[in-house]
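Read-outs: derived from the displayed coordinates by stated rules, not from any lab. Note that the structure is a prediction, hence the values are computed from the model and not measured. FYI the Cβ positions are ideal-geometry reconstructions off the backbone, even for glycines, and counts take in every protein chain you see.
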Amino acid sequence: MTAALFPDLVVNGETVPHTAIAAETQNQEAPAGKPGIAWRKAANAVAVRTLLLQEARARGLDPAPAEVGPGRHETEEEALIRGLLDLAVTVAPPTEAEVRAEWARDPQRFRAPPLWEVSHILVACDPRDAAAMATAEARAADLARRALEMPRGFARLAEAQSDCGSKAAGGALGQIGPGDTVPEFEAALRPLAEGEITAVPVPTRHGWHVIRMDAVAEGAVLPFEAVRARIAAAMEKAAWARAARDYVTRLVAAAEISGADLRPL
């Protein structure tokens, strides 16, 4: 793909370098073999960023970059956009009645974390070694097949074949909850029913796992007071996002933009 195929992006008379759009394409999803879609999405994103920066500078804003993580700070442009949105976008916190109505709409959404009793068989390998991963996957697939054929023999199979220290307990990991395991392992747990064994081995940074869900304890529904602050924060965040979109829409409507397709937003 060559940038010459696409029109210049001009925002209120300011021509944006093609290099800025090309850099932004890395952040945009597009079907394989259709780089033009990524370019158009990138042009739209860069147009909005340019418009916000123009507005921030027109207002004479000069906020200091904030720390966004250990040893990480905003860029000057990120600080400018944050400063503008902090100034231009305000929302009122939800009322007590609004928060309670949101909770009452479906209290089942607000539960204590679940607890799982899990056993597994680990076929350990270094995920950076493609050959070792393939060999381990084949072995894990065979173990999954054997476990599914004889579910009651899972503990004996784990004792004989697992590379995890839990083999001494028949592969049992005991009671675990969200955040207690690596994300890939937890993601595989969530859809499992009690007694179910993964038919396809699960890859993690430790190797391949055959997992059995021994028991599931769903978290209890939490009372309103326990989740009030969380619901209020989520509602305020959603309201702020809507207000920010509306603000950008108004800026776009008042701007002269070519090379991007921002109407309607």
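Classify region 64-151: rounded, prolate or oblate, from the alpha-carbon gyration tensor (a ≥ b ≥ c, eigenvalue square roots; a/c under 1.5 rounded; otherwise prolate if a/b is larger than b/c)?
oblate
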(request) Quote to one decimal, in nm, the extra length available between Tyr247 and Ala215 on full extension: 0.36 nm per residue of separation minus the C-alpha distance between them. (result) 6.6 nm
(message) As a footprinting exposure proxy, order Asp180, Asp106 by other Cβ within 10 Å, with the fewest listed first.
(response) Asp106, Asp180
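Rank by packing, highest mean first: peptides 201-208, 85-92, 160-167, with packing defined as the count of other Cβ atoms within 10 Å averaged across residues.
201-208, 160-167, 85-92
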(request) Rank Ala232, Ala241, Ala168 by mean-square fluctuation in a GNM of the chain with C-alpha springs under 10 angstrom and give only the top-ranked residue. (result) Ala168
(request) Determine the sum of side-chain charges near Trp103: Lys and Arg each +1, Asp and Glu each -1, restricted to other residues whose C-beta is under 12 angstrom from that of Trp103. (result) 0
(request) Have a look at Trp208, Ile37, Ala155 and report the one farthest towards the positive end of the charge dipole of the chain, computed about the Cα centre with Cβ charges (Lys/Arg +1, Asp/Glu -1). (result) Ala155
(request) Report ³J(HN,Hα) in whole Hz for each residue of region 90-105, in order, from the Karplus equation J = 6.51 cos²θ - 1.76 cosθ + 1.60 where θ = phi - 60°; Gly and Pro get x. (result) 10, 9, 7, x, x, 6, 4, 5, 5, 5, 5, 5, 5, 5, 5, 4
(request) Treat the chain as a sphere of radius equal to its Kirkwood radius over Cα pairs and apply Stokes-Einstein at 37 °C in a medium of 0.692 mPa s; give the translational diffusion coefficient in µm²/s, rounded to a whole number. (result) 140 µm²/s
(request) Quick one: dipole size for the chain, taken about the Cα centre, charges +1 on Lys/Arg Cβ and -1 on Asp/Glu Cβ, in debye to the nearest 20. (result) 460 debye
(request) Using θ = phi - 60° and the Karplus relation 6.51 cos²θ - 1.76 cosθ + 1.60, list the HN-Hα couplings for region 140-146 in order, rounded to whole Hz, with x at every Gly or Pro. (result) 5, 5, 5, 5, 4, 4, 5
(request) Set the Förster radius R0 to 51 Å, insert the Cβ-Cβ distance between Glu14 and Ala134 as r into 1/(1 + (r/R0)^6), and round the FRET efficiency to 0.05. (result) 0.45
(request) Output ³J(HN,Hα) for region 22-36: one whole-Hz value per residue in order, computed from phi by the Karplus curve 6.51 cos²θ - 1.76 cosθ + 1.60 with θ = phi - 60°, and x for Gly and Pro. (result) 4, 5, 6, 4, 5, 9, 10, 8, 7, x, 4, x, 10, x, x
(request) Could you quote the convex hull projected area for region 113-215, Cα atoms only and averaged over all directions, in nm²? (result) 5.8 nm²
(request) Name the aspartates and glutamates eligible as straight-distance cross-link partners of Lys34: C-alpha to C-alpha under 19 Å, and not fewer than 8 places from it in the same chain. (result) Glu24, Asp261
(message) Under the rule of at least 5 residues apart or a separate chain, name every residue whose amide H is placed under 5 Å from the amide H of Arg111.
(response) Leu222
(message) Along the Cα→Cβ direction, 7 angstrom out, place labels at Ala160 and Ala97. What is the inter-label distance in nm?
(response) 6.8 nm
(request) Would you compute, from DSSP H runs of 4+ residues alone, the mean residue ellipticity of the chain at 222 nm, taking -39500 (n - 2.57) per run and dividing by the full residue count, rounded to the nearest 500? (result) -15000 deg cm²/dmol
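Let's see if you can work this out: charge +1 on each Lys and Arg Cβ, -1 on each Asp and Glu Cβ, no other charges. What is the dipole magnitude of region 115-217 about its Cα centre, in debye to the nearest 20?
Approximately 200 debye in magnitude.
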(message) Could you tell me the calculated FRET efficiency between Ala239 and Arg59, based on Cβ-Cβ distance and R0 = 30 angstrom, to the nearest 0.05?
(response) 0.85
(message) Suppose the chain between Ala32 and Ala187 were pulled fully straight at 0.36 nm per residue; how much longer would it get relative to their current alpha carbon spacing?
(response) 53.1 nm
